[in-house]
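Colleague: Below you'll find the structure I mean.
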Amino acid sequence: MGEDEQIQLYDLTQGNLEIPIEELGNYAFYTNSTKISVKVKSDQHFEGSLTLIDVSQNNAEIQYHEVNTEEKSCVFTGLISVRNYRVESTGLEGCTVIISEK
């Protein structure tokens, strides 16, 4: 991310965030829930991972899930509500993710 780019904060209490994986690093999100779901959409075979980052705790990596064409979604649980989080991905180029409260 360049110096001119800023992280955009998205409020999941207002609805789902659907975003191309290439733009995912530009977003943090606020949740009032203790669970969030991340679903991966792609027309092609994919295999990769999603890591939940707690922005409120100095960008600590707090949970990790592997996803693929058969296991397209994951749920991050045990979250502290009223916090800001980010999701980082590996190996999911060309995919779209949908992040939602559970």
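The values are calculated or read from the model by the stated rules, or taken from the named source; none is laboratory data. Note that the structure is predicted; figures quoted are calculated from it, not measured. When we count neighbours, we look across all protein chains shown, and the Cβ atoms used for this are built from the backbone with ideal geometry, even at glycine. Surface areas here come from the heavy atoms of the whole protein model, side chains and all, with no ligands, DNA or RNA. Shrake-Rupley method; radii C 1.70, N 1.55, O 1.52, S 1.80 Å.
Colleague: Of the numbered conditions (1) in contact with a helix residue (DSSP H, G or I) (Cβ under 7 Å, 6 or more places away or on another chain); (2) touching a residue at least 24 places away in the same chain (Cβ under 8 Å), Gln44 fails exactly one; give the number of that condition.
Modeller: For Gln44, the failing item is (1).
Colleague: Look at the stretch 41-50 and say how many of its residues are part of a strand (DSSP E or B) and open to solvent by 20 Å² or more (accessible area, probe 1.4 Å).
Modeller: Going through the stretch 41-50, the residues part of a strand (DSSP E or B) turn out to be 41, 47-50.
Within this subset, residues satisfying the condition of being open to solvent by 20 Å² or more (accessible area, probe 1.4 Å) are 41, 47.
The number of residues fulfilling the criteria is 2.
Colleague: Looking at Ile53, Ile36, Ile80 in this structure, which one is out of contact with any Ser or Thr (no Cβ under 9 Å at 6 or more places or on another chain) and touching a residue at least 24 places away in the same chain (Cβ under 8 Å)?
Modeller: Details: Ile36 fails: out of contact with any Ser or Thr (no Cβ under 9 Å at 6 or more places or on another chain); Ile80 fails: out of contact with any Ser or Thr (no Cβ under 9 Å at 6 or more places or on another chain).
After applying the criteria, what remains is Ile53.
One line per residue, one yes/no per condition, for (1) of a type in the set (Asp, Glu); (2) open to solvent by 60 Å² or more (accessible area, probe 1.4 Å); (3) in a strand (DSSP E or B):
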residue	(1), (2), (3)
Lys39	no, yes, yes
Ile53	no, no, yes
Glu61	yes, yes, yes
Tyr64	no, yes, yes
Glu71	yes, yes, no
Gly78	no, yes, no
Ser81	no, no, no
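Colleague: Quickly run through the stretch 24-37 and pick out the residues that are of a type in the set (Gly, Ala, Ser) and open to solvent by 10 Å² or more (accessible area, probe 1.4 Å). Please lay out each step first, then the result.
Modeller: Restricting attention to the stretch 24-37, the residues satisfying the condition of being of a type in the set (Gly, Ala, Ser) are 25, 28, 33, 37.
Listed by number, the residues that qualify are Gly25, Ser33, Ser37.
Colleague: If we scan the stretch 31-45, do we find a residue that is among the β-branched types (Val, Ile, Thr) and more than 23 Å from Leu9 (Cβ to Cβ)?
Modeller: Filtering the stretch 31-45 down to residues among the β-branched types (Val, Ile, Thr) leaves 31, 34, 36, 38, 40.
Among the residues that remain, those that are also more than 23 Å from Leu9 (Cβ to Cβ) are: none.
There is no residue in the stretch 31-45 that is among the β-branched types (Val, Ile, Thr) and more than 23 Å from Leu9 (Cβ to Cβ).
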